Amino acid sequence: MDCGTRRKPTHPWRERFSLTFFLFLSDFPSAGSVITTVGTNVVLTCTYDAKYYGPLSVCWGRGGIPNSGCGNQVIKADGTSVVSRLSERYVLRGNLGQGDVSLTILQAVEADSGIYGCRVDIPGWFNDQKQEPTVRDKSRRTMAYFL
């Protein structure tokens with residue numbers, strides 16, 4: 001339906017500038033990204049208010065956080081100690097009693113890159129605390145192509 005309004009033609013330079021700007025920005029890590037180098041230890045931060053809630057169950061998984069639990073679970077703690085882990089490379093070195101459930105990945109490898117999910121099981125409906133940091137390998141850079 002034509003209402004008599006005509007759209008101004010866009011200039012080719014404007015389209016190129018927008019695409020180049022987007023590609024340039026996509027090379028920077030997001031706020032939830034952790035940049036690492038293969039062979040180093042990586043710490044993914046996750047904390048909760050243990051003084052208020054007391055000890056809570058927590059799990060870490062690979063990929064986005066599903067509606068319940070952790071998908072592709074790598075480690076789980078009951079609030080006081082680790083109860084299961086996929087590999088000895090996944091550890092919780094923080095003080096669980098104080099709510100520090102940060103995940104440390106020992107001797108990171110390229111395959112460790114990607115999204116991780118931390119879920120703290122806070123009592124009540126839909127109260128779980130969720131965080132999804134991303135691990136990126138410093139040696140793998142995104143290329144920006146200029147048109």
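Bear in mind these aren't lab numbers, they're just calculated from the coordinates by the rules spelled out. Here the structure is a predicted model, which means the values were calculated and not measured. Because the Cβ atoms are built from the backbone with ideal geometry, glycine has one as well, and the counts that use them run over all protein chains shown.
Between R85 and Y52, what length in nm is gained on full extension when 0.36 nm per residue of separation is reduced by their alpha carbon distance? Mind dumping the intermediate values first?
On the way: separation 33, 0.36 × 33 = 11.88 nm, distance 2.67 nm.
The R85-Y52 span can extend by a further 9.2 nm.
Once the piece of chain linking A111 and E132 is laid out straight, how much longer is it, given 0.36 nm per residue of separation minus the C-alpha distance between them? Let's see the in-between values first.
Working: separation 21, 0.36 × 21 = 7.56 nm, distance 1.72 nm.
Stretched fully, the A111-E132 segment lengthens by 5.8 nm.
Could you calculate the FRET efficiency of I122 with R62 from 1/(1 + (r/R0)^6), where r is the beta carbon distance between them and R0 is 22 Å, rounded to 0.05?
Working: r = 22 Å, r/R0 = 1.00.
That pair, I122 with R62, gives E of 0.50.
What number do you get for the stretch 34-138 when its Cα radius of gyration is normalised by 2.2 N^0.38 Å, N = residues?
1.01
Got a sec to turn the phi values of the stretch 109-117 into Karplus ³J(HN,Hα) couplings, 6.51 cos²θ - 1.76 cosθ + 1.60 with θ = phi - 60°, whole Hz, x for Gly and Pro?
10, 4, 5, 6, 4, x, 8, 10, x
Excluding D128 itself, what net charge comes from residues whose Cβ is under 12 Å from its Cβ, given Lys and Arg +1 and Asp and Glu -1?
Details: positive: R119, K130; negative: D121.
Around D128, the surrounding residues sum to +1.
Quick one: Karplus J couplings for the stretch 71-86, per residue in order, coefficients 6.51, -1.76, 1.60, θ = phi - 60°, nearest Hz, x for Gly and Pro?
Running phi through 6.51 cos²θ - 1.76 cosθ + 1.60 with θ = phi - 60° gives x, 6, 4, 10, 7, 9, 10, 9, x, 10, 7, 6, 9, 7, 8, 6 Hz.
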